[in-house]
Amino acid sequence: MLPDLTETDLALYEWQMSVPGVGEEGQRKLKSASVLISRVGGLGGLVALELAAAGVGKLVLAHEGDLKMSDLNRQLLQTRAQVGRPRVESITQRLHDLNPDCEVVAISENVSAENADALVAQADIVVDAAPLFQERLALNAAAMRAGKPMIECAMHTLEASVTTFIPGMTGCLACYVPAVPPSWTRQFPVFGAVSGTAACVGAMEVIKLIIGIGQTLAGEMLCMDLGQMRFRRVKLPRNEGCAVCGTFTTKRLNER
């Protein structure tokens, strides 16, 4: 049963409820939804901010470590005063300042094979914004096992990409990246405006999935070259032989 909207809700979300297909029912769906975000840095942090602003009821944030000075060119929920302190503490406070009605569950851990299932179990939808493929692949596998949609957001230099994986309908990350690339490292070239662009697109994918409006990027990847301002959508056919979603996902969905 969807929650009722308060007078505050009706005032806060008046403009977005006038978007065709949203209305009060769509806002109630947002209020009842829960979203897990893996890493809340320059990309995931803005996903969290946009979802809190839209009225999503619960955000589960997984991010380990203290803030560094070099993070501040893109992690816009942070300030210089927070340098040296745990990232999730200041992020939780910033989100609470924006939307005190949003339940924020902050977990000072990065996603791993050991904790991914427990983290995914706490949310309806998963957003992957991690810099390392170890985390991305662990989250992908857990989301597929749980039968939950995952929005995959990424960026590098002046390029960004977003796609949506839906178990049983599309492929998954492991269809295209079955193992951790040997040359990938945590630190890479990044502008905050590029990661922020991917974040806003990713947040909109979550909102569309929750409410059931528009057309998502399920089965497609939006590729953005912000250096040349070129945008294209690429079909992502499912790999029937994928070790993660090929046979396991189908079996899992049949059991539900």
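The values are calculated or read from the model by the stated rules, or taken from the named source; none is laboratory data. Small disclaimer: the values here were computed from a predicted structure and weren't measured. Ideal geometry is used to build each Cβ from the backbone, glycine not excepted, and the neighbour counts take in all protein chains shown.
Going by the structure shown, is residue 164 modelled with pLDDT of 95 or more and in a strand (DSSP E or B)?
yes
Against the conditions (1) out of contact with any strand residue (DSSP E or B) (no Cβ under 7 Å at 6 or more places or on another chain); (2) at pLDDT 95 or above; (3) of a type in the set (Ser, Thr, Tyr), where does residue 79 fall short? Just the number, please.
Among (1) out of contact with any strand residue (DSSP E or B) (no Cβ under 7 Å at 6 or more places or on another chain); (2) at pLDDT 95 or above; (3) of a type in the set (Ser, Thr, Tyr), the lone unmet condition for residue 79 is (2).
Hey, can you tell me all the residues within the range 222-244 that are outside any strand (DSSP E or B) and either loosely packed, with under 12 Cβ neighbours inside 10 Å or among the aromatic types (Phe, Trp, Tyr) (or both)? Outline the logic, then answer.
Going residue by residue through the range 222-244, those that are outside any strand (DSSP E or B) are 226-229, 236-244.
227, 228, 229, 237, 240, 241 - these are the residues of the range 222-244 that are outside any strand (DSSP E or B) and either loosely packed, with under 12 Cβ neighbours inside 10 Å or among the aromatic types (Phe, Trp, Tyr) (or both).
Within the range 170-193, does at least one residue satisfy the condition of being in a helix (DSSP H, G or I), in contact with a strand residue (DSSP E or B) (Cβ under 9 Å, 6 or more places away or on another chain) and among the β-branched types (Val, Ile, Thr)?
no
Can you work out which of the residues in the range 22-79 that are over 16 Å from residue 211 (Cβ atoms) and among the β-branched types (Val, Ile, Thr) is surrounded by the fewest Cβ atoms within 10 Å (Cβ to Cβ)?
79
Quick check: anything in the range 127-142 part of a strand (DSSP E or B) and either basic (Lys, Arg) or closer than 20 Å to residue 108 by Cα (or both)?
Looking only at the range 127-142, we keep the residues that are part of a strand (DSSP E or B), and these are 127-128.
With the extra rule that they be either basic (Lys, Arg) or closer than 20 Å to residue 108 by Cα (or both), the set shrinks to 127-128.
The answer is yes; a qualifying residue exists.
Would you be able to tell me the number of residues in the range 167-207 that are closer than 27 Å to residue 240 by Cα and surrounded by 18 or more Cβ atoms within 10 Å (Cβ to Cβ)?
Qualifying residue count for the region: 10.
Looking at the range 200-223, I want the residues that are touching a residue at least 24 places away in the same chain (Cβ under 8 Å) and have a partner that is among the aromatic types (Phe, Trp, Tyr) with Cβ atoms under 8 Å, at least 6 apart or on another chain. Which pairs are those?
Partner pairs satisfying both residue conditions: 218/165; 222/231; 223/231.
Please state which one of 83, 88, 120 is buried (at least 19 other Cβ atoms within 10 Å of the Cβ) and in contact with a helix residue (DSSP H, G or I) (Cβ under 9 Å, 6 or more places away or on another chain). Give the derivation first.
Numbers: 83 fails: buried (at least 19 other Cβ atoms within 10 Å of the Cβ); 88 fails: in contact with a helix residue (DSSP H, G or I) (Cβ under 9 Å, 6 or more places away or on another chain).
Step by step, each of 83, 88, 120 is checked, and only 120 is buried (at least 19 other Cβ atoms within 10 Å of the Cβ) and in contact with a helix residue (DSSP H, G or I) (Cβ under 9 Å, 6 or more places away or on another chain).
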